[in-house]
Ligand SMILES: Cc1ncc(COP(=O)(O)O)c(C=O)c1O
């Protein structure tokens with residue numbers, strides 16, 4: 001896999017990485033769905049050797065599946081990672097990553113602009129367990145100021161939801177390197193590397209919800225953890241990485257700079273069973289085959305629609321990092337390639353107008369997802385971010401009249417017509 005990743009470009013890797021030319025067992029060109037929970041061993045010695053990790057082989061479906069393996073390897077190749085792990089959801093990837101790093105007495109620094117589910121892992125699991133969490137602005141100064149000798153990681157998102165804030169990943173990586181702390185990026189909005197490859201900017205671990213653009217058709221829930229193999233896991237901060245197992249081995253002695261991947265595998269799959277099904281992995285692979293084409297079109301349409309909304313009298317603000325007026329525009333131009341994302345938000349002048357808009361679109365579906373081939377809209381204040389305290393919602397740029405639009409693949413002129421008729425209904429009802 002690393003050879004292929006060095007040789008071919010993104011569009012080629014999204015079709016081929018992780019897969020032999022055809023299925024070795026059947027010659028099938030598509031990656032087969034290996035619908036099996038278990039694998040027959042060649043004999044007693046083979047079974048023992050597979051379980052001891054002395055030979056490569058599939059132990060059991062909770063940990064191993066060939067379809068899932070291709071999906072994980074393809075994502076690793078696209079993101080420039082050394083190893084990939086696929087899990088049952090983006091939330092499973094986040095939970096596994098945070099539990100693998102954190103410990104009682106530890107300290108995690110997170111961006112104050114995070115997906116609500118990620119905050120929920122910090123509130124419901126890390127803090128009650130005794131790991132302190134600081135939510136700060138995703139900039140190098142605020143992060144440097146929050147560092148302590150107990151800090152076990154810095155976590156940001158490539159493009160924050162819904163504000164569109166893009167952190168300067170390279171500048172943050174300089175701070176994490178200087179403090180010998182791993183840098184973790186939720187790159188869900190970076191579209192598996194098509195818009196951003198955080199590892200190229202100094203990230204050590206990348207996390208994904210595959211439910212969004214990777215799948216791209218709103219047909220399954222999945223996630224992934226990708227390890228750059230760039231962090232060395234010092235014992236003072238990460239004692240669990242140096243604890244000996246029954247055979248006297250530690251995560252670090254077993255895997256060196258890939259110790260995190262092994263620990264995440266053992267916690268997320270072996271222990272917690274957050275396994276991605278082979279059916280979902282197959283859908284993920286289908287999605288990946290056309291990722292760059294879909295994301296490019298959605299980004300181009302999002303940029304055009306963001307400018308179109310800016311011109312409408314009903315609209316107070318449009319949030320899109322592709323607009324020159326957006327506070328992140330300059331940084332986004334350095335961090336992102338191929339576009340500024342497929343999501344923008346707008347705020348209406350009239351209170352109640354957001355609700356009327358949501359009730360009156362005909363093409364855009366009102367639902368809680370992003371990255372679908374179909375355009376989807378939602379009011380984050382009352383839905384995706386409703387569990388956050390009001391003050392935190394406002395700090396994260398979530399206001400009551402905000403509408404989030406994740407742009408799909410429809411003709412952009414049809415979307416404009418749909419949005420215009422919904423805005424005109426708003427004018428009548430307000
Ligand atoms: C940025 C981000 N990270 C993680 C997740 C969680 O992913 P999933 O819904 O696949 O569990 C989401 C879901 O909306 C998300 O937007």
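Going through segment 112-137 one residue at a time, which ones are away from the ligand (no atom under 11 Å from the Cβ) and surrounded by 24 or more Cβ atoms within 10 Å (Cβ to Cβ)?
Residue satisfying the conditions is 126 alone.
Here is a yes/no grid of residues against (1) farther than 15 Å from residue 153 by Cα; (2) modelled with pLDDT under 95:
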residue: 71; (1), (2): yes, no
residue: 74; (1), (2): yes, no
residue: 78; (1), (2): yes, no
residue: 84; (1), (2): yes, no
residue: 91; (1), (2): yes, no
residue: 99; (1), (2): no, no
residue: 109; (1), (2): no, no
residue: 116; (1), (2): yes, yes
residue: 121; (1), (2): no, no
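Sort out which residues of segment 185-196 are more than 10 Å from the ligand (Cβ to nearest atom) and touching a helix residue (DSSP H, G or I) at 6+ places or on another chain (Cβ under 6 Å), and write them in order of number.
185, 191, 192, 193, 194, 196
This table checks each residue for (1) under 18 Å from the mean Cα position of the chain (by Cα); (2) on the phi > 0 side of the Ramachandran plot; (3) away from the ligand (no atom under 16 Å from the Cβ).
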| site | (1), (2), (3) |
| --- | --- |
| 155 | yes, no, no |
| 158 | yes, no, no |
| 171 | no, no, yes |
| 176 | no, no, yes |
| 183 | yes, no, yes |
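Just a yes or no: is a residue in segment 165-174 within 18 Å of residue 295 (Cα to Cα) and crowded, with 23+ Cβ neighbours inside 10 Å?
Checking segment 165-174: at least one residue is within 18 Å of residue 295 (Cα to Cα) and crowded, with 23+ Cβ neighbours inside 10 Å.
Search segment 213-230 for residues being crowded, with 24+ Cβ neighbours inside 10 Å and either part of a loop (DSSP other than H, G, I, E, B) or not assigned by TED's automatic domain parsing to the domain that holds residue 115 (or both), and hand back the single one that is nearest to the ligand (Cβ to nearest atom).
222
In segment 333-355, which residues are out of contact with any helix residue (DSSP H, G or I) (no Cβ under 7 Å at 6 or more places or on another chain), within 16 Å of the ligand (Cβ to nearest atom) and more than 19 Å from residue 311 (Cα to Cα)?
336
Just name the residue that is nearest to the ligand (Cβ to nearest atom) out of those in segment 356-372 that are within 25 Å of residue 290 (Cα to Cα), surrounded by 19 or more Cβ atoms within 10 Å (Cβ to Cβ) and touching a residue at least 60 places away in the same chain (Cβ under 8 Å).
Here the residue is 370.
So, residue 282, is that one under 27 Å from residue 412 (Cα atoms), touching a helix residue (DSSP H, G or I) at 6+ places or on another chain (Cβ under 8 Å) and assigned by TED's automatic domain parsing to the domain that holds residue 179 or not?
no
Could you name every one of the helices (runs of 4 or more DSSP H) located completely within segment 1-93 that has at least 1 residues being surrounded by 16 or more Cβ atoms within 10 Å (Cβ to Cβ) and touching a residue at least 24 places away in the same chain (Cβ under 8 Å)?
Ranges flagged: 2-7, 10-16, 66-79.
Is it the case that residue 79 is under 27 Å from the mean Cα position of the chain (by Cα) and either outside the structural domain of residue 229 (by TED's automatic domain parsing) or under 27 Å from residue 230 (Cβ atoms) (or both)?
yes
The values are calculated or read from the model by the stated rules, or taken from the named source; none is laboratory data. Here the structure is a predicted model, which means the values were calculated and not measured. Neighbour counts run over all protein chains shown; Cβ positions are idealised from the backbone, glycine included.
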